[in-house]
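Data first, discussion second: the structure below is written as structure tokens.
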Amino acid sequence: MLDQYINEMWFRTAAQDESAQAAVKKVVKAQQNAVDNLDDFKFCLNIAVDQNNVERNPVNAGNIFKYFEKEIEPSWKKLDERLRLACRLDWYGALFRAMADISKIPHALSDRQSVIFAKTMDLGRKWNETLAQYEALDAAAPEEEKLTGFNAYLAKMKKDLIEPQIAVWSRAGKHQALRDAVKGLLGLVVLCLVIAAIVSYAKGVGIVARLLGNEKIEVYTDETIAAEKIEGFQNYAPVNIADYNASSIRPDEDGMSFTDRYLMDGDPATAWEEGEDDAGINRRLYFNIDDEGPVHYLVIRNGNQSGTSAFRECNRLKDVTVRINDKNHNYQVTLADTDKPQYIRIARNDVQKFWIIINSVYEGTDPGNHSAVSEVEIY
């Protein structure tokens, strides 16, 4: 491919003019020397123009100019500045032809790698700066030394090739910048959504917490507030329970029982206590509804409420999970450290069973480390 671009360079045509002026012959000789020494430059440019190339990237663009300086420019060192600039412009024309071929590759103008490659090449700026320097020196040169044929070649190439290609890749760059901006904005939106989802899950509020089974439910210890927050408060009959149990029960001791039957015996002066050494963390209270139906709210009397000292001695539940029907419907609840009734709004119409799972406790003074609940009511 590079060979084709070289054949279209001005010096190839000028080489055929035996009557060319001395300056032209110097340029032709220098350019031919450059062509004879091409190696890495040729390789880098050819792979850039390859239709299936995945190496068309900023590194490749940098290598093209690295080897341009190493393999081509040394051939001009004996020329004056004006002629060196003419040689450079001639080679820039070859590079613009390469960019024109790349622009014809399907989807190249919308391919981010190709657009970044073109931006890294920065041919438009380099061409304009070099052309301005050349025109200034050429204007000051004696008339007989001006490269008339080259100047005509430049004007035509500028109109037919350079300016259209600068416009093509400029548009491609703007479109890519717009795509990047949209992508960045979408990324920011996604990041915000992820953060919102994490916050929702962590705080237990919002749709994410609800969908992932981590919704936090308010607990009311004041009947007046509970009446405001829970629709139909104290107007519902107790839900019929087919069965209930606890996954751990403290063994009877000194004639005292701590059975899970005390959970729903209607007497806050009796209490269930778990029988583990770890405060009953992850232990569960299970309630099986007689018939699937609505559960509006729960009432929990926390701790052992058989007396003031018993309340202080036993652990009281703090953070619990209320699991409705299955593990996909969890509600996080933080109970208060009080002997008042605590009202928990459920408002579900499809309850078959539910669990109260202990996650943390308010520690009591008894070294036995037993956690207690005096009563659970379901409406």
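The values are calculated or read from the model by the stated rules, or taken from the named source; none is laboratory data. Computed from a predicted structure; not experimentally measured. As a convention, Cβ positions derive from the backbone with ideal geometry for all residues, glycine included, and neighbour counts pool all protein chains shown.
A few notes on this one:
- First in segment 236-249 and under 15 Å from Leu298 (Cβ atoms), second anywhere and in a loop (DSSP other than H, G, I, E, B), Cβ under 8 Å, 6 or more apart: Tyr236/Tyr379; Ala237/Tyr379; Pro238/Tyr379; Val239/Tyr379
- Of the helices (runs of 4 or more DSSP H) lying entirely inside segment 143-233, those containing at least 2 residues that are surrounded by fewer than 13 Cβ atoms within 10 Å (Cβ to Cβ) are 148-157, 163-203, 223-229.
- Meets criteria (aliphatic (A, V, I, L, M) and part of a loop (DSSP other than H, G, I, E, B)) for Ile281: yes
- Qualifying residue in segment 75-87 (condition: surrounded by fewer than 19 Cβ atoms within 10 Å (Cβ to Cβ), part of a helix (DSSP H, G or I) and either in contact with a Leu (Cβ under 9 Å, 6 or more places away or on another chain) or not assigned by TED's automatic domain parsing to the domain that holds Leu137 (or both)): yes
- Residue check for Ile324: without any contact (Cβ under 8 Å) to a residue 60 or more places away in the chain and aliphatic (A, V, I, L, M): yes
- Here Val54 passes the criteria (1) part of a helix (DSSP H, G or I); (2) surrounded by fewer than 18 Cβ atoms within 10 Å (Cβ to Cβ) except the one numbered (1).
- The condition of being over 17 Å from Gly213 (Cα atoms), surrounded by fewer than 22 Cβ atoms within 10 Å (Cβ to Cβ), at pLDDT 95 or above and within 46 Å of the chain's Cα centre (by Cα) holds for only one of Ala336, Ala269, that being Ala336.
- Pairs linking a residue in segment 189-201 that is of a type outside the set (A, V, I, L, M, F, W, C) to a residue that is surrounded by 13 or more Cβ atoms within 10 Å (Cβ to Cβ) and part of a helix (DSSP H, G or I), with Cβ atoms under 8 Å and 6 or more positions apart or on different chains, are Ser200/Gly206; Ser200/Val208; Ser200/Ala209; Tyr201/Val208; Tyr201/Ala209.
- Across segment 99-134, the number of residues qualifying as surrounded by 15 or more Cβ atoms within 10 Å (Cβ to Cβ) and within 17 Å of Cys87 (Cα to Cα) comes to 8.
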